[in-house]
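**Student:** Following this message is one structure expressed as structure tokens.
The values are calculated or read from the model by the stated rules, or taken from the named source; none is laboratory data. The structure displayed is predicted, hence computed values, not measured ones. Because the Cβ atoms are built from the backbone with ideal geometry, glycine has one as well, and the counts that use them run over all protein chains shown. The accessibility values were calculated without ligands, DNA or RNA, using every heavy atom of the protein model including side chains. Shrake-Rupley method; radii C 1.70, N 1.55, O 1.52, S 1.80 Å.
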Amino acid sequence: MQQAVAHLRDARISPRKVKIVLDLIRNKDVALARAILKNTPKAASELLLKLLNSAVANADNNHHMDVSKLYVSECFVCEGKTLKRIRPRAQGRAFQILKRTSHVTLVLKERD
């Protein structure tokens, strides 16, 4: 069975925030997943909508799959690089700020 894959690397959003939205679209048809992402008020939904559209384009152009039969078979997020920043504090101290990044993978397959 063919599958179309799209990756998003080093997205400047925490994996924990992305995972919440990915759980909403897992195993859903592409049209329903698009509707969910357009109406979900989370920061990750805009990034995931672009990623979903990219995966659909990959399926159509590269693998010649039927777009109307596609569904999100796998979607997961992994932790990327962590950018380390310093926040000045009282009495000359410095606290560390961790700016986390994400690697998102989205896999589409055709329903039988």
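**Student:** Can you pull out every residue in segment 44-72 that is surrounded by 17 or more Cβ atoms within 10 Å (Cβ to Cβ) and within 24 Å of R16 (Cβ to Cβ)?
**Tutor:** Hits for segment 44-72 are A44, S45, L47, L48, L49, L51, L52, A55, V72.
**Student:** Further question on the same structure: Using beta carbons and a limit of 8 Å, which pairs, at least six apart or on different chains, have the first residue in segment 10-35 and in contact (Cβ under 8 Å) with a residue 24 or more places away in the chain and the second one among the acidic types (D, E)?
**Tutor:** That search, which allows pairs on different chains as well, returns P15/E79; R26/E74.
**Student:** (1) open to solvent by 40 Å² or more (accessible area, probe 1.4 Å); (2) at negative phi: which one isn't true of A4, the others all being true?
**Tutor:** Answer for A4: the failing condition is (1).
**Student:** Here is a further query. With the requirement that a residue be open to solvent by less than 80 Å² (accessible area, probe 1.4 Å) and aliphatic (A, V, I, L, M), what does segment 9-30 give you?
**Tutor:** Result: A11, I13, V18, V21, L22, L24, I25, V30.
**Student:** Just give me the residues in segment 75-87 being open to solvent by less than 100 Å² (accessible area, probe 1.4 Å) and free of Cβ contacts under 8 Å to residues at least 40 places away in the same chain, in sequence order.
**Tutor:** Correct list: T82, L83.
**Student:** Return a yes/no flag: does segment 88-105 have any residue that is touching a strand residue (DSSP E or B) at 6+ places or on another chain (Cβ under 9 Å), open to solvent by 80 Å² or more (accessible area, probe 1.4 Å) and among the polar types (S, T, N, Q).
**Tutor:** Looking through segment 88-105, at least one residue is touching a strand residue (DSSP E or B) at 6+ places or on another chain (Cβ under 9 Å), open to solvent by 80 Å² or more (accessible area, probe 1.4 Å) and among the polar types (S, T, N, Q).
**Student:** Another question about this same structure. Would you point out which residue out of A31, A57, A11, A43 is over 25 Å from E110 (Cβ atoms) and out of contact with any Lys or Arg (no Cβ under 9 Å at 6 or more places or on another chain)?
**Tutor:** From the options A31, A57, A11, A43, the qualifying one is A11.
**Student:** When segment 59-112 is examined, which residues are found to be under 20 Å from the mean Cα position of the chain (by Cα) and closer than 13 Å to M1 by Cβ?
**Tutor:** Passing the criteria: A59, L70, Y71, S73, E74, V107, L108, K109, E110.
**Student:** With among the hydrophobic types (A, V, I, L, M, F, W, C) and within 17 Å of S14 (Cβ to Cβ) as the only criterion, which of I97, I86 stands out?
**Tutor:** I97
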